[in-house]
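**Student:** Here you go, one structure.
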Amino acid sequence: MSPSASRSLNAVGLLAVSLVLIAAFLDQFVLGELPCPLCLLQRVGFVGAAFGLALNVAFGPRPSHYAVTILSACFGGAVSVRQVLGHIVPGTGTYGSAILGLHFYTWALIIFGVIVLGCAALLFFERQFTGPEAGPSRATAFGSAMLALAAFLALANGVSTVLECGGGLCPDNPVSYQLLSDPRLPGR
Amino acid sequence: MMSLPFFGLLAGFGCVATGRRRAALLLWALSMLVMLGLFRLHVTDALTIVL
């Protein structure tokens, strides 16, 4: 695989991870389900995974960039595992709604696994690291657009989290946006 | 505090866009450390499972 093909593939991966974050936002704003603290940390894992792909898109493919994506997916996956184990015993309840029979944290665990496997598969194509175009060059328009989309989703998640949790830790079962419903705020 | 990793990664994306790779990697590493710290703070209840 040539470096430019690898960059294009990473840009497509960036789009795929961004779609996961957009789906989480749709659930939050359309269905009104506030993300729990562990859900937010899984989103951080997805943004971190996107970050490694963005490094490949912007600077060219490097093993260390894939390591960024793999480690982020492992950290996010660890959070998913903890949440799945918290609900795995029948009768212990669930969090949020299910899609195709699985809850968001279970889907997150599966997708983190797919990200790790995908990166491992891409690492087999060593010519992407040694080809004549492997050095730094400008990202394509599509790659730049995907980088901007991922950055926007990081910003949107940051703002949404501030609105939901304020400046501290989030409650385990959030029911409202703290910053929008706090009566101590001036003007309310 | 929960938003810190998002803003850290956002700053990292800014570094990526402006060609500062080392700073971008540093911001990613810091964001992941904060994320793991927040994970530790939020996981306080024992799991009712037997391993």
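**Student:** Could you line up A:Ile70, A:Ile88 from fewest to most neighbouring Cβ atoms inside 10 Å?
**Tutor:** Result, fewest neighbours first: A:Ile88, A:Ile70.
**Student:** Using helices alone, I'd like the mean residue ellipticity at 222 nm for chain A: each DSSP H run of four-plus residues gives -39500 (n - 2.57), total over residue count, nearest 500.
**Tutor:** -23000 deg cm²/dmol
**Student:** Can I ask one more? Among A:Glu164, A:Glu33, A:Glu126, which comes first, then next, by fewest other beta-carbon atoms within 10 Å?
**Tutor:** A:Glu126, A:Glu33, A:Glu164
**Student:** Let me ask something additional. I need the per residue convex hull volume for region A:1-86, using only the alpha carbons, in cubic angstrom as a whole number.
**Tutor:** Value for region A:1-86: 89 Å³ per residue.
**Student:** What is the angle, in °, between the Cα long axis of helix A:3-29 and the longest principal axis of the Cα atoms in chain A? Nearest 10 is fine, range 0 to 90.
**Tutor:** The answer is roughly 10 degrees.
**Student:** If you average 1/r over every pair of different alpha-carbon atoms in the protein assembly as shown and take one over that average, what Kirkwood value in Å do you get?
**Tutor:** About 18.4 Å, per the Kirkwood formula over Cα pairs.
**Student:** Can you give me the angle between helix A:37-59 and the longest principal axis of chain A, using Cα atoms only, in degrees from 0 to 90, rounded to the nearest 10?
**Tutor:** 20 degrees
**Student:** What is the gain in length, in nm to one decimal, between A:Arg138 and A:Ile110 on full extension, counting 0.36 nm per residue of separation less the C-alpha to C-alpha distance?
**Tutor:** Roughly 6.8 nm would be gained on extension.
**Student:** So how do B:Ser3, B:Ser31 line up by other beta-carbon neighbours within 10 Å, fewest first?
**Tutor:** Going from least to most buried by this count: B:Ser3, B:Ser31.
**Student:** Another question, then. Note the full-extension length gain between A:Val159 and A:Phe25 as 0.36 nm times their separation in residues minus their Cα-Cα distance, in nm to one decimal.
**Tutor:** Length gained between A:Val159 and A:Phe25: 47.0 nm.
**Student:** Give the angle, between 0 and 90 degrees and rounded to the nearest 10, that separates the Cα long axis of helix B:21-42 from the longest principal axis of the Cα atoms of chain B.
**Tutor:** For B:21-42 against chain B, the angle is about 20 degrees.
**Student:** Between A:Ala121 and A:Ala145, how high is the FRET efficiency from 1/(1 + (r/R0)^6) when r is the Cβ-Cβ distance and R₀ = 35 Å? Nearest 0.05.
**Tutor:** The calculated FRET efficiency here is 0.90.
**Student:** State, to one decimal in nm, how far the label point of B:Leu30 lies from the label point of A:Ala67, with both points 7 Å from Cα in the Cβ direction.
**Tutor:** According to this spin-label approximation, the distance is 2.0 nm.
Bear in mind these aren't lab numbers, they're just calculated from the coordinates by the rules spelled out. Nothing here was measured: the structure is a model prediction, and the numbers come from that model. FYI the Cβ positions are ideal-geometry reconstructions off the backbone, even for glycines, and counts take in every protein chain you see.
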